[in-house]
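The values are calculated or read from the model by the stated rules, or taken from the named source; none is laboratory data. Everything quoted here is computed from the prediction, not taken from an experiment. Heads up, the Cβs are rebuilt from the backbone with ideal geometry, glycines too, and the neighbour counts pull from every protein chain shown.
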Amino acid sequence: MNQGFVYSTDVQKVNLTQLLESFQNELDFVTLERIDDIRFEKFTANSLQNNFPIGRAFGSSIEIRWRQSEPDSFSVQVLTEKNELDLSEWPPSAEYALGKIQSLLLWGENKNKKKEDQWIAVRLPKPISYPLPGAWRVQVVAQEYIKNGIVRFLRFRELKPKGEEV
């Protein structure tokens, strides 16, 4: 596999929920964002019900990103190295060369042994939770998607511990 594919379209909330449910066996984690909160969680089919306007669900073979564009409408991108996805109603995918796999450290350190699911960063107003209890630092592993020699996307693949264990 040396190509990545990006599918993009706008969908209603119900269709986004159906899309997430159809790939739930391939999705491991989800990030959810809004103005006052950001969450990293294990993926469940109910992840969208938390009323976060921005999110990305990801696993080793696929990432689904969404951003709310209207009260009941979302702009959605599906990034994958699989070219046999059944997204026939979507516009054709754009193709990208695959670059390096990157490891990106996430915010915070877990220094509190009593609350092993809370990471603290001085720059953030409250602790962050990651679904990796016991890890001192957390990293996201991401695949580069390249077009014309420029990295256009980083597709999240997994969260994993980095460094020493608490």
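Checking every residue in region 72-86 against the condition of being free of Cβ contacts under 8 Å to residues at least 24 places away in the same chain and within 20 Å of Lys160 (Cα to Cα) gives zero matches. Applying the criterion of at least 1 residues that are under 29 Å from Asn148 (Cα atoms), modelled with pLDDT under 90 and of a type in the set (A, V, I, L, M, F, W, C) to the strands (runs of 3 or more DSSP E) found wholly in region 3-105 leaves 94-105. Looking across region 121-166, the residues that are over 12 Å from Ile101 (Cα atoms), among the basic types (Lys, Arg) and either modelled with pLDDT of 95 or more or surrounded by fewer than 15 Cβ atoms within 10 Å (Cβ to Cβ) (or both) come down to Arg123, Lys126, Lys147, Arg152, Lys160. Looking only at residues of region 29-45 that are over 28 Å from Ser93 (Cβ atoms) and not charged (D, E, K, R), we find that the one that is surrounded by the fewest Cβ atoms within 10 Å (Cβ to Cβ) is Ile35.
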